[in-house]
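First the structure, in the form of structure tokens, and then the observations on it.
The values are calculated or read from the model by the stated rules, or taken from the named source; none is laboratory data. Quick caveat: nothing in here was measured; it's all calculated off a predicted structure. Here the Cβ positions follow ideal geometry from the backbone for every residue, glycine too, while neighbour counts run over all protein chains shown.
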4 protein chains.
Amino acid sequence: MSTFVPTPRNSEAKLQHILLHSAAIFAKQGFAGTSIRDISRATGVSLSGLYYYFESKQKLLYLIQNTSFIFIVERLQRRLDGVYQPETRLRILVQNHIEYFLSHPNEMKVLSHEEEALESPYREEVSGIKRRYYALARTIFDSLKADGLASGVNPRVAVLSLFGMMNWIYKWHKPKVDPNEEELTNAIVGIFLNGVRGGMEESALSTAVSPATTDD
Amino acid sequence: MSTFVPTPRNSEAKLQHILLHSAAIFAKQGFAGTSIRDISRATGVSLSGLYYYFESKQKLLYLIQNTSFIFIVERLQRRLDGVYQPETRLRILVQNHIEYFLSHPNEMKVLSHEEEALESPYREEVSGIKRRYYALARTIFDSLKADGLASGVNPRVAVLSLFGMMNWIYKWHKPKVDPNEEELTNAIVGIFLNGVRGGMEESALSTAVSPATTDD
Amino acid sequence: MSTFVPTPRNSEAKLQHILLHSAAIFAKQGFAGTSIRDISRATGVSLSGLYYYFESKQKLLYLIQNTSFIFIVERLQRRLDGVYQPETRLRILVQNHIEYFLSHPNEMKVLSHEEEALESPYREEVSGIKRRYYALARTIFDSLKADGLASGVNPRVAVLSLFGMMNWIYKWHKPKVDPNEEELTNAIVGIFLNGVRGGMEESALSTAVSPATTDD
Amino acid sequence: MSTFVPTPRNSEAKLQHILLHSAAIFAKQGFAGTSIRDISRATGVSLSGLYYYFESKQKLLYLIQNTSFIFIVERLQRRLDGVYQPETRLRILVQNHIEYFLSHPNEMKVLSHEEEALESPYREEVSGIKRRYYALARTIFDSLKADGLASGVNPRVAVLSLFGMMNWIYKWHKPKVDPNEEELTNAIVGIFLNGVRGGMEESALSTAVSPATTDD
DNA sequence: TATGAATGAGTGTTCATTCAT
DNA sequence: TATGAATGAACACTCATTCAT
């Protein structure tokens with residue numbers, strides 16, 4: 001609503017226009033906290049006119065999540081093509097994720113935050129992509145381990161911690177003050193690769209704390 | 001949790017009963033997706049009767065978040081008391097966080113997920129506690145660095161990545177199949193401490209990927 | 001709520017305290033627009049405690065209206081006692097009315113404005129007093145006429161116009177800038193007595209306007 | 001009015017239909033005592049459907065008051081156009097007022113009785129018109145005085161007493177038994193003009209009553 | 001006398017969605 | 001393609017009133 005954006009003429013472009021603005025409002029107010037009227041206002045399309053482009057609010061959320069996710073995964077697969085070194089593959093995954101993140105903060109927030117807002121049957125479809133994405137990351141981690149680059153850490157915990165670091169970014173990253181895509185990628189890849197390679201013995205770490213755990 | 005729980009007799013206990021069940025529904029359906037009627041049904045208290053215990057839905061959310069957060073922070077301060085070794089202090093922070101997390105998954109989800117659902121003036125109050133909590137973590141990280149235990153990584157990014165790993169847990173942790181509190185703490189502390197200590201040169205990592213960034 | 005007024009100790013005084021404050025809130029917010037909670041807040045008596053003093057909101061309104069009206073009428077009767085000159089009797093009526101009005105603006109507004117808010121059987125009772133009050137005024141007017149002090153004006157219209165002038169005062173009278181009781185009484189009695197005595201022929205008045213009445 | 005009235009087909013007519021019936025219910029039950037559900041029932045429009053025509057209950061009240069008032073004032077200005085004799089102008093004002101009154105008793109009651117029910121910013125707007133209407137009446141009175149047709153009576157009190165006589169009508173006028181527009185206009189204009197012209201000395205009137213004022 | 005705790009019915013308003021055009 | 005008009009169901013919240021203590 002801030003800067004005037006004219007409603008596009010052709011149908012496909014208009015759907016993109018709607019998805020773009022809807023993602024922005026969902027990001028700002030949450031899915032449940034957004035009304036179709038809000039979307040009508042923000043897009044300049046009449047309330048009933050919107051229903052030509054999506055059949056329900058659920059479907060709209062699905063379109064945003066699905067489009068975004070497919071874009072991320074397909075670009076990742078293209079970028080991984082022909083690259084075999086585990087470390088490089090991992091870095092490509094992180095960089096691809098964060099690049100999308102910083103260039104599409106609204107969509108990424110909707111993807112991270114509104115996972116559970118989606119209902120059957122859309123939910124299953126999106127979580128199918130999510131599972132494949134996770135599986136790919138897991139495969140990369142496993143080959144890292146096979147190369148001796150990861151110590152005894154639980155692989156599921158390791159991979160999900162990596163996603164935790166990446167997906168949490170939407171909660172704190174401010175474009176003007178925080179590192180850009182490259183620096184952020186370096187930092188997270190650095191923490192992760194050094195982190196899972198180990199070095200410090202786990203046992204030492206855990207015993208160091210034992211006095212504290214007994215206090216209540 | 002769906003089994004019959006009798007409504008407590010005295011007033012203070014009844015408020016706790018309401019907070020407990022409300023946290024559970026908010027965790028499941030989201031704050032905006034939960035109606036006071038849902039809460040009435042779940043607690044066994046009449047719709048209007050609930051308003052004797054909190055004056056608005058916002059205040060209810062505030063009560064849940066505030067109570068939880070204060071508990072976490074105060075217990076942490078008690079546990080840190082008299083402990084000076086940075087590594088140990090960090091481990092206590094992580095363990096304290098994860099312990100609360102796994103024992104109060106509903107409250108923790110409400111804390112992590114419904115941060116933005118809270119409005120003025122409650123929001124400011126809760127985010128005040130959040131800032132103090134983050135500042136404490138940051139202090140610990142700084143002393144870690146002073147002891148030569150952290151390389152050149154951006155400290156803000158490092159600390160927020162640690163919170164990312166921890167706070168993301170609510171999205172994936174299944175009590176029956178996933179590691180318990182101790183193992184989870186070990187894994188995350190391990191990744192973080194080894195991760196920020198560095199070792200692998202950053203430059204090497206970043207160049208390794210450059211071919212991939214040119215593909216689109 | 002503005003200045004602190006302690007709740008009285010004994011029962012009768014406390015009822016008066018409640019009636020006084022209730023009249024003030026009813027005057028300000030209207031009867032339907034006032035909740036018993038508002039009254040609880042303003043009087044310092046607990047919500048349920050109020051019901052010891054009146055059995056329903058309707059009864060409370062009745063108590064205020066009835067008390068006020070009876071006071072006005074009884075004082076009027078006392079003041080009229082032994083006075084026989086029609087003009088003087090009329091003046092006493094107006095002065096008695098306006099005196100109560102300016103000294104009890106809240107009660108008077110509740111009396112004037114909330115006439116219809118009262119339901120059966122209270123309504124009948126209060127409107128009984130009102131009818132007797134009007135009948136008394138009408139009697140005075142009739143004797144005025146018998147003395148040749150009122151021209152051919154419709155007596156019902158005349159008397160109700162007098163009440164109109166008096167009862168409308170609550171809509172505009174500001175104690176600090178508007179005339180006091182005496183001046184106001186003089187003005188209204190003056191307009192009324194001169195007004196009904198006539199002089200100017202009615203016919204002249206009505207024809208003077210005839211062109212205007214035909215324009216639409 | 002309770003007989004079946006079909007809902008109009010076109011949108012503008014339907015708004016008029018809603019305003020008409022709403023005025024009737026507000027007149028009967030008071031603004032605060034009327035629920036939107038009452039209006040839905042009376043108009044035959046669904047509860048939510050009403051909100052297509054007005055955005056809030058306050059706005060509905062505003063629409064009724066504003067429409068009525070503007071109609072009264074504009075018609076008055078048209079009728080006064082080209083008329084310069086103060087007495088005639090006064091009579092036109094009264095006749096215009098009473099004509100609207102008797103032909104639109106519901107609207108007039110809402111105007112007279114629900115003045116304070118309107119809140120910001122609507123209130124200011126309506127009271128702006130009201131002030132202009134009063135100012136016009138005051139101007140007429142002032143020229144009456146300039147022509148020697150009004151004695152020393154306080155002009156504010158005089159004009160507001162005139163409005164008191166007129167606006168009180170809604171409290172007592174019964175179309176079947178009470179005088180019609182013309183007679184009522186004659187009576188009130190007569191009382192007012194003769195009343196303010198004076199004749200009887202004020203001093204005499206006021207002293208006549210002094211014994212009465214000392215009795216309690 | 002007085003109140004904390006409680007409630008069923010109702011409040012104004014918004015919701016996602018539909019349908020005739 | 002697009003929309004004005006409409007709706008049933010639901011929303012957060014308040015109401016006058018009650019009752020055990």
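A count restricted to region D:117-127 and to residues that are over 23 Å from C:Asn167 (Cα atoms) and surrounded by fewer than 17 Cβ atoms within 10 Å (Cβ to Cβ) stands at 5. Of the residues D:Phe31, D:Phe69, D:Phe26, the single one that is more than 27 Å from D:Arg138 (Cα to Cα), touching a Lys or Arg at 6+ places or on another chain (Cβ under 9 Å) and away from DNA strand F (no atom under 16 Å from the Cβ) is D:Phe26. Looking only at residues of region D:43-53 that are exposed (fewer than 14 other Cβ atoms within 10 Å of the Cβ) and either within 14 Å of chain A (Cβ to nearest Cβ) or in contact (Cβ under 8 Å) with a residue 12 or more places away in the chain (or both), we find that the one that is nearest to DNA strand E (Cβ to nearest atom) is D:Ser48. For region C:59-116, which positions are surrounded by fewer than 19 Cβ atoms within 10 Å (Cβ to Cβ), away from chain D (no Cβ under 12 Å) and among the small types (Gly, Ala, Ser)? Selection gives C:Ser103 alone.
Okay, residues lined up against (1) crowded, with 18+ Cβ neighbours inside 10 Å; (2) facing another protein chain (nearest Cβ under 7 Å); (3) assigned to a helix (DSSP H, G or I):
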residue: D:Gly152; (1), (2), (3): no, no, no
residue: D:Val159; (1), (2), (3): yes, no, yes
residue: D:Ile188; (1), (2), (3): yes, yes, yes
residue: D:Leu193; (1), (2), (3): yes, yes, yes
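Exactly one residue out of D:Ser56, D:Ser40 is within 11 Å of DNA strand E (Cβ to nearest atom) and either buried (at least 16 other Cβ atoms within 10 Å of the Cβ) or touching a residue at least 40 places away in the same chain (Cβ under 8 Å) (or both), and it is D:Ser40.
Within region B:1-37, restricting attention to residues that are within 12 Å of DNA strand E (Cβ to nearest atom) and at pLDDT 95 or above, the residue that is nearest to A:Glu116 (Cα to Cα) is B:Gly33. Confirm whether D:Asp81 is free of Cβ contacts under 8 Å to residues at least 40 places away in the same chain and not aromatic (Phe, Trp, Tyr). For D:Asp81, the condition - free of Cβ contacts under 8 Å to residues at least 40 places away in the same chain and not aromatic (Phe, Trp, Tyr) - is met.
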